[in-house]
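Student: This is the structure I have questions about; it appears just below.
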Amino acid sequence: MATITLDQVRKVYGGVVEAVKGVSVDIADGEFIVLVGPSGCGKSTLLRMIAGLEDITTGEIKIGDRVVNNVDPADRDIAMVFQNYALYPHMSVYNNLAYGLKNRGMAKDEIDRRVKEAARILEIGDYLDRKPRALSGGQRQRVAMGRAIVREPAAFLFDEPLSNLDAKLRVQMRVEIKRLQRSLGTTSVYVTHDQLEAMTLADRLIVLNGGNIEQIGAPIDVYDKPASTFVAGFIGSPAMNLLPVKAVDGGLGLETGSGLSVPNLHGQDKCLLGVRPEHLEVVDQLPNGPHAQVTVNVLEPVGAESYLYASFENGGPEIVIRVSSHAVHKPGEKLFLGIKPENLHFFESQSGKRIGD
Amino acid sequence: MKKVLFQSRLVPYLLLFPQLSIVIVFFLWPAAEAVRASFYLEDPFGFGSTFVGFDNFVDTVTSTDYGRVARFTAVFTSLVTFLSLGLALLLAVKADKVLRGSSTYKTLLMWVYAVAPPVAGLIGVLLFDQHVGPIVDFVAIFGWNLNIGVDYYDTAFAMTVTAVWKQVPVNFIFFLSGLQGISKSVQEAASIDCRSGFRRFWTVTFPLLAPTGFFLLIINITYAFFDTFGIVDILVKNEPGNNPVTLVYKVYLDGFRGNDLGGSSAQSVILMALVFILTVIQFRLIERRVHYN
């Protein structure tokens with residue numbers, strides 16, 4: 001168990017493509033960190049640099065107190081779980097788990113003890129003699145996890161470990177990974193592009209965009225106070241509504257079209273207004289506070305709730321409203337929406353940075 | 001598998017006919033003819049033949065010459081197979097790791113594959129030529145008077161080198177594609193699990209290359225056994241007297257030079273049986289230990 005410290009870590013491919021642009025972060029002992037972002041944001045590259053599978057162009061990575069820039073992957077005391085599991089196809093499950101321990105010259109009975117213990121925790125004891133090809137996706141995933149935990153490493157590195165599983169199994173394994181990490185207390189870095197996985201697993205999220213850190217924070221803080229329009233759009237589903245607004249008689253209104261009135265809390269001429277779909281409330285009559293007037297386009301029921309897509313008069317972007325699953329709205333219906341002032345987010349038009357706190 | 005039902009019972013036979021006729025005309029018929037001829041003593045001038053039972057086989061197996069050629073063939077085949085597989089694997093592993101200019105490197109290594117076998121033999125002869133051969137000049141520096149066509153072991157050496165040289169590119173191509181077929185993340189997982197690259201190769205890469213290796217082993221034994229005929233022929237310069245020849249070459253020598261068609265046929269039949277046994281052993285023993293994904 002150990003801390004992981006990244007200091008101005010950069011990765012440049014072929015002297016031109018900068019995949020990771022100076023990332024610094026301190027990961028505490030036992031913390032579960034999730035690196036999240038769209039494909040190409042550098043999250044996997046960063047993880048692979050921690051693992052030692054990619055060279056570090058500049059900067060420094062420390063695991064515990066040791067700088068590991070030039071340390072061989074096998075000597076970094078980390079274990080990695082790969083997206084496609086990367087099990088050794090010619091070895092039995094038992095040997096897949098034991099391989100890393102044998103190479104470290106561990107005593108046979110200690111290897112046996114650890115493999116049996118991991119098999120018990122992960123409930124794979126029944127197929128220790130099987131080859132990986134005789135296992136289902138979920139079982140392979142468990143073996144991959146087992147290979148990581150038998151090592152009892154300083155840190156677990158997960159590279160999108162659940163993306164090859166079907167939806168139901170993914171939820172189940174997600175819960176298991178979290179429980180396992182809690183009970184073992186091993187520092188973990190987990191890469192995913194799935195914001196839901198990121199939200200549910202992380203102690204702290206690191207949202208990456210184009211090789212830069214957009215925001216670091218506890219999932220709920222990132223959700224409540226996204227640092228930029230990128231984070232606002234990436235974390236949360238459906239995404240936060242972002243509306244270009246300008247100053248109009250004492251408040252803010254839509255840049256294109258009408259039907260929106262919110263207070264100008266930060267005295268901006270022009271900015272982007274953010275409102276989460278669940279913070280738009282359908283009301284019977286035009287409220288005094290911040291409000292909007294929209295026309296219903298589509299109602300999309302997803303079971304537990306429904307998403308209402310609506311647009312403003314005279315154009316402007318389409319917005320999403322989260323409503324109860326029993327709400328009935330017809331296309332073309334006119335709606336009044338009330339918004340609480342504390343649920344308004346403001347972002348700079350150009351940089352997309354959050355205004356205020 | 002999808003089941004297809006034909007209207008007429010003749011159609012499937014008609015579809016198989018081209019393939020079957022090739023097998024019958026070019027394999028079964030000559031093989032049967034060889035088996036028949038092996039029991040007869042043919043008149044060298046074609047005036048008739050006498051049935052002699054197993055005499056041809058007895059003569060062949062008991063002759064000291066046959067034993068000598070069989071031993072040489074065994075050693076030659078083992079050496080060519082082992083060396084051409086080993087060198088090709090080494091080159092493929094190194095080529096797989098080359099990052100810059102890898103395609104040039106690979107093309108250069110595969111080039112020899114495009115050289116036709118007789119040309120390869122001819123190049124071999126030139127390299128080992130008594131008067132102009134650079135290899136002869138080179139080993140002369142170390143006091144080795146390399147003399148092919150005259151000295152038994154020198155000819156065997158040249159034969160092995162040429163045969164290996166010709167076969168390495170084929171093996172290289174297969175090994176390289178085999179290596180590139182191994183999942184990158186499996187190799188990365190291994191690099192986290194095992195520090196020693198050497199150990200990693202023998203415990204992960206090599207077993208995963210086994211299907212390719214098994215296939216190549218059969219191809220290479222067959223090559224060393226049969227396809228080296230042209231190289232042997234050019235290197236012994238029609239003077240097989242004191243020179244090493246393979247069993248296949250001896251079949252040709254005895255049949256067409258010695259005009260002993262019966263004895264030569266008996267040798268062919270022995271070779272056929274040998275190849276059959278070898279194939280069965282290979283598939284029975286080795287395939288069981290090979291991991292196909």
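Student: Given the conditions (1) within 30 Å of B:Ser196 (Cα to Cα); (2) open to solvent by 20 Å² or more (accessible area, probe 1.4 Å); (3) touching a strand residue (DSSP E or B) at 6+ places or on another chain (Cβ under 9 Å), report the number of the one that A:Asp26 does not fulfil.
Tutor: All conditions are met except number (1).
Student: Something else about it: Among the residues of the stretch A:192-217, which ones are aliphatic (A, V, I, L, M), under 18 Å from A:Gln8 (Cβ atoms) and crowded, with 20+ Cβ neighbours inside 10 Å?
Tutor: A:Ile206, A:Leu208, A:Ile213
Student: Turning to a different aspect of this structure: Here are A:Met91, A:Met80: which of them is assigned to a strand (DSSP E or B) and at the interface with chain B (Cβ under 9 Å from one of its Cβ atoms)?
Tutor: Exactly one residue qualifies, and that residue is A:Met80.
So that you can scan it fast, the table gives a plain yes or no per residue for (1) in contact with a strand residue (DSSP E or B) (Cβ under 8 Å, 6 or more places away or on another chain); (2) within 20 Å of B:Asp193 (Cβ to Cβ):
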| site | (1), (2) |
| --- | --- |
| A:Ile121 | no, yes |
| A:Gly125 | no, no |
| A:Gly137 | no, no |
| A:Arg142 | no, yes |
| A:Ala148 | yes, yes |
| A:Pro153 | yes, yes |
| A:Phe156 | yes, yes |
| A:Asp159 | yes, yes |
| A:Leu162 | yes, no |
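Student: A:Ser163 versus (1) open to solvent by 60 Å² or more (accessible area, probe 1.4 Å); (2) outside any strand (DSSP E or B): which is the lone unmet condition?
Tutor: (1)
Student: Could you tell me whether any residue of the stretch A:109-129 is within 12 Å of another protein chain (Cβ to nearest Cβ), in a loop (DSSP other than H, G, I, E, B) and open to solvent by 30 Å² or more (accessible area, probe 1.4 Å)?
Tutor: Scanning the stretch A:109-129 turns up no residue that is within 12 Å of another protein chain (Cβ to nearest Cβ), in a loop (DSSP other than H, G, I, E, B) and open to solvent by 30 Å² or more (accessible area, probe 1.4 Å).
Student: Return yes or no: is A:Leu252 within 29 Å of the chain's Cα centre (by Cα) and not in a loop (DSSP other than H, G, I, E, B)?
Tutor: It is false that A:Leu252 is within 29 Å of the chain's Cα centre (by Cα) and not in a loop (DSSP other than H, G, I, E, B).
Student: Does A:Ala227 satisfy the criteria of being open to solvent by 10 Å² or more (accessible area, probe 1.4 Å) and over 16 Å from A:Ile33 (Cα atoms)?
Tutor: Criteria met by A:Ala227.
Student: Turning to a different aspect of this structure: Kindly provide the set of residues from the stretch A:201-235 that are small (Gly, Ala, Ser) and touching a residue at least 60 places away in the same chain (Cβ under 8 Å), ordered by number.
Tutor: A:Ala202, A:Gly210, A:Gly211, A:Ala227, A:Ser228, A:Ala232
Student: With the structure loaded, tell me whether A:Arg104 is open to solvent by less than 40 Å² (accessible area, probe 1.4 Å), within 27 Å of B:Phe206 (Cβ to Cβ) and within 14 Å of chain B (Cβ to nearest Cβ) or whether it fails that test.
Tutor: The answer is no for A:Arg104.
Student: Here is a further query. In the stretch B:178-200, what residues are under 22 Å from A:Ala74 (Cβ atoms) and more than 13 Å from chain A (Cβ to nearest Cβ)?
Tutor: B:Leu179
Student: For the stretch B:203-226, which positions are within 13 Å of chain A (Cβ to nearest Cβ) and either under 12 Å from the mean Cα position of the chain (by Cα) or open to solvent by 40 Å² or more (accessible area, probe 1.4 Å) (or both)?
Tutor: Passing the criteria: only B:Phe206.
Student: Somewhere in the stretch A:323-330, is a residue part of a strand (DSSP E or B), under 30 Å from A:Thr200 (Cβ atoms) and out of contact with any Lys or Arg (no Cβ under 8 Å at 6 or more places or on another chain)?
Tutor: yes
Student: Out of (1) within 28 Å of the chain's Cα centre (by Cα); (2) crowded, with 19+ Cβ neighbours inside 10 Å; (3) of a type outside the set (Lys, Arg); (4) away from chain B (no Cβ under 12 Å), the odd one out for A:Ser136 is which?
Tutor: Against the list (1) within 28 Å of the chain's Cα centre (by Cα); (2) crowded, with 19+ Cβ neighbours inside 10 Å; (3) of a type outside the set (Lys, Arg); (4) away from chain B (no Cβ under 12 Å), A:Ser136 comes up short only on (2).
Student: Against the conditions (1) surrounded by 14 or more Cβ atoms within 10 Å (Cβ to Cβ); (2) at pLDDT 90 or above, where does A:Glu300 fall short? Just the number, please.
Tutor: Failing condition for A:Glu300: (1).
Student: Would you confirm whether any residue within the stretch A:85-92 is over 30 Å from A:Cys41 (Cα atoms) and open to solvent by 60 Å² or more (accessible area, probe 1.4 Å)?
Tutor: no
Student: Report yes if some residue within the stretch A:183-200 is of a type in the set (S, T, N, Q), without any contact (Cβ under 8 Å) to a residue 40 or more places away in the chain and more than 13 Å from every other protein chain (Cβ to nearest Cβ); otherwise report no.
Tutor: yes
Student: Could you please give the count of residues in the stretch A:38-77 that are away from every other protein chain (no Cβ under 13 Å), acidic (Asp, Glu) and outside any loop (DSSP other than H, G, I, E, B)?
Tutor: 1
Student: Every residue in the stretch B:141-166 that is open to solvent by less than 60 Å² (accessible area, probe 1.4 Å) and within 14 Å of B:Ile231 (Cα to Cα), please.
Tutor: Those that are open to solvent by less than 60 Å² (accessible area, probe 1.4 Å) and within 14 Å of B:Ile231 (Cα to Cα): B:Ile148, B:Gly149, B:Thr155, B:Ala156, B:Ala158, B:Met159, B:Thr160, B:Val161, B:Thr162, B:Ala163, B:Val164, B:Lys166.
Student: Restricting the first residue to the stretch A:236-255 and requiring it to be free of Cβ contacts under 8 Å to residues at least 12 places away in the same chain, which pairs with a second residue that is assigned to a loop (DSSP other than H, G, I, E, B) and open to solvent by 50 Å² or more (accessible area, probe 1.4 Å) meet a Cβ separation below 7 Å and a spacing of at least six or different chains?
Tutor: Note: no pairs meet the criteria.
Student: Are there any pairs, at least 6 apart or on different chains, whose C-beta atoms fall under 8 Å, with the first in the stretch B:127-142 and on the phi > 0 side of the Ramachandran plot and the second part of a helix (DSSP H, G or I), and if so, which?
Tutor: none
Student: Determine if the stretch A:172-191 includes at least one residue that is assigned to a loop (DSSP other than H, G, I, E, B) and surrounded by 22 or more Cβ atoms within 10 Å (Cβ to Cβ).
Tutor: yes
Student: Checking the structure you have, find out if any residue of the stretch B:261-278 is at pLDDT 80 or above, touching a strand residue (DSSP E or B) at 6+ places or on another chain (Cβ under 8 Å) and open to solvent by 60 Å² or more (accessible area, probe 1.4 Å).
Tutor: Yes, that holds for at least one residue.
Student: Right, next: Can you tell me which of A:Val328, A:Val294, A:Val262, A:Val323 is among the aliphatic types (A, V, I, L, M), open to solvent by 10 Å² or more (accessible area, probe 1.4 Å) and more than 30 Å from A:Gly37 (Cα to Cα)?
Tutor: Every option except A:Val328 fails the conditions.
Rundown of residues vs (1) open to solvent by 40 Å² or more (accessible area, probe 1.4 Å); (2) among the β-branched types (Val, Ile, Thr); (3) over 20 Å from the mean Cα position of the chain (by Cα); (4) within 30 Å of B:Val269 (Cα to Cα), yes/no style:
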| site | (1), (2), (3), (4) |
| --- | --- |
| B:Phe57 | no, no, yes, yes |
| B:Arg71 | yes, no, no, yes |
| B:Met110 | yes, no, no, no |
| B:Ala120 | no, no, no, yes |
| B:Gly133 | no, no, yes, no |
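The values are calculated or read from the model by the stated rules, or taken from the named source; none is laboratory data. The structure displayed is predicted, hence computed values, not measured ones. Here the Cβ is made from the backbone with ideal geometry for all residues, glycine too, and neighbour counts use every protein chain on show. Protein only, heavy atoms only, side chains kept; ligands, DNA and RNA dropped before computing areas. Shrake-Rupley method; radii C 1.70, N 1.55, O 1.52, S 1.80 Å.
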